[in-house]
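Working notes, structure below.
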Amino acid sequence: MTLNWNPETDLTLVPSDDDISTHMLVDGGAKVHVIAAGESWPVKEVNSALKEG
């Protein structure tokens, strides 16, 4: 479960303009980075983003 989303939550897939992911799942103000199945997260960029908050 992510951000208290439920199976009936209406999510929108939008392109991402950052170095972490190719797309984002959006519901209202909540955004979650996503990548294609089988791809790897860019570790350096993700660590940097997590440190920045």
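The values are calculated or read from the model by the stated rules, or taken from the named source; none is laboratory data. The structure presented is a predicted model; accordingly, all values stated were derived computationally and were not measured. Every residue, glycine among them, receives a Cβ derived from its backbone with ideal geometry; neighbour counts consider all protein chains shown.
Figures for the structure shown
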read-out	value
Boolean, SER16 is surrounded by 10 or more Cβ atoms within 10 Å (Cβ to Cβ), of a type in the set (Gly, Ala, Ser) and free of Cβ contacts under 8 Å to residues at least 24 places away in the same chain	yes
Test: residue in region 10-25 that is modelled with pLDDT under 90, more than 10 Å from the chain's Cα centre (by Cα) and not charged (D, E, K, R)	no
Only one of VAL26, VAL46 that is part of a helix (DSSP H, G or I), of a type in the set (Val, Ile, Thr) and surrounded by 12 or more Cβ atoms within 10 Å (Cβ to Cβ)	VAL46
Among residues of region 31-49, those that are in contact (Cβ under 8 Å) with a residue 24 or more places away in the chain and over 25 Å from THR9 (Cβ atoms), counted	1
Breaking point among (1) touching a His at 6+ places or on another chain (Cβ under 7 Å); (2) surrounded by fewer than 14 Cβ atoms within 10 Å (Cβ to Cβ), for SER21	(2)
